[in-house]
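A short write-up of the structure that comes next.
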Amino acid sequence: MTLWQLLRAGGFTMYILLSCSILSVAIILERAIYYRKRSKVKKTDFMAQVKEAVEKSHINKAIEICNQTDTPFSRVVLSGLSLHGHNEVVVSNAMEREVTVETTKLERLTSIVGTIGSTAVYIGLFGTVLGIIRAFHDISKSGSGGISVVINGIAEALVCTAAGLCVAVPAVIAYNYFVKRVDGFISDMELSASELMDFLKVKQK
């Protein structure tokens, strides 16, 4: 069967699933590129450069390093360095707020993929049920039919279930991957904030 024949066999639910699939793929690609761009610099290398600058009292250089690094943990460190000289609690609170802001950016749109992954199967089943109802209704109207007619109708209806699974499985896998990546970014941000506080404490001594 061609794609057009599959869409016609599945009814309007196939168009819903097709829309969900396009949306899911678009978000998956956008998030994958977003995470990749912000994973080019290792946290250990970045923090080593910041530590060296802080130990030499070159706070402006450390801030410049942060500005040149496009990662969530660099912006957390930047928020702390920008308040250098202030109370320890003030610096810590600023970095905590930045962690929250960056986490929100990292989680952007991922819930849509999770929702598609959890509902696409049910949308497919709904289409299948409607298809089976339509098949039996057509048989009752015509007053004739047999096992072959019933099987053909059910076979066409099951296209929706297959399509729902095809949409749901990649979306669930992608969502779980996103959750793992976001958790990794959060860990890096929290560790970077903690390390910076240690650097500043040592410097003050």
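The values are calculated or read from the model by the stated rules, or taken from the named source; none is laboratory data. Please read these numbers as outputs of a predicted model, since none were measured by experiment. Neighbour counts are summed over all protein chains in view; Cβ atoms, including those assigned to glycine, are modelled from backbone coordinates with ideal geometry.
Here are a few things to note about the model shown:
- For segment 158-200, the candidate set comprises residues that are closer than 21 Å to LYS42 by Cα, surrounded by fewer than 15 Cβ atoms within 10 Å (Cβ to Cβ) and at pLDDT 90 or above; within that set, the residue that is nearest to the chain's Cα centre (by Cα) is VAL179.
- When segment 83-104 is filtered for residues that are out of contact with any helix residue (DSSP H, G or I) (no Cβ under 7 Å at 6 or more places or on another chain) and of a type in the set (S, T, N, Q), the ones remaining, listed by number, are ASN87, ASN93, THR100, THR104.
- Only one of VAL101, VAL89, VAL76 that is assigned to a helix (DSSP H, G or I), within 14 Å of SER192 (Cβ to Cβ) and not hydroxyl-bearing (Ser, Thr, Tyr): VAL76
- Of all residues in segment 142-157, none are at pLDDT 80 or above and of a type in the set (Val, Ile, Thr).
- Every pair of residues 6+ apart whose Cβ atoms lie under 7 Å, when the first sits in segment 15-30 and is within 14 Å of THR115 (Cα to Cα) while the second is at pLDDT 90 or above and polar (S, T, N, Q): none
- Whenever a residue of segment 106-119 is in contact (Cβ under 8 Å) with a residue 12 or more places away in the chain, its partners that are loosely packed, with under 15 Cβ neighbours inside 10 Å, lying with C-beta atoms within less than 9 angstrom and at least six residues away or across chains, give the pairs GLU107/VAL179; LEU109/GLU30; THR110/VAL179; GLY114/ASN176; GLY114/VAL179; GLY117/VAL169; GLY117/ILE173; GLY117/ASN176.
- Residue within segment 36-45 that is small (Gly, Ala, Ser) and either surrounded by fewer than 16 Cβ atoms within 10 Å (Cβ to Cβ) or not in a helix (DSSP H, G or I) (or both) present: yes
- Screening CYS66 with (1) surrounded by fewer than 21 Cβ atoms within 10 Å (Cβ to Cβ); (2) more than 30 Å from THR128 (Cα to Cα); (3) without any contact (Cβ under 8 Å) to a residue 24 or more places away in the chain gives one miss only, at (1).
- Selection from segment 50-63 of residues that are surrounded by 13 or more Cβ atoms within 10 Å (Cβ to Cβ) and in a helix (DSSP H, G or I): VAL50, LYS51, GLU52, ALA53, VAL54, ILE59, LYS61, ALA62, ILE63
- The set of residues in segment 9-35 that are at pLDDT 90 or above, surrounded by 13 or more Cβ atoms within 10 Å (Cβ to Cβ) and of a type in the set (Val, Ile, Thr) comprises VAL25, ILE27, ILE28.
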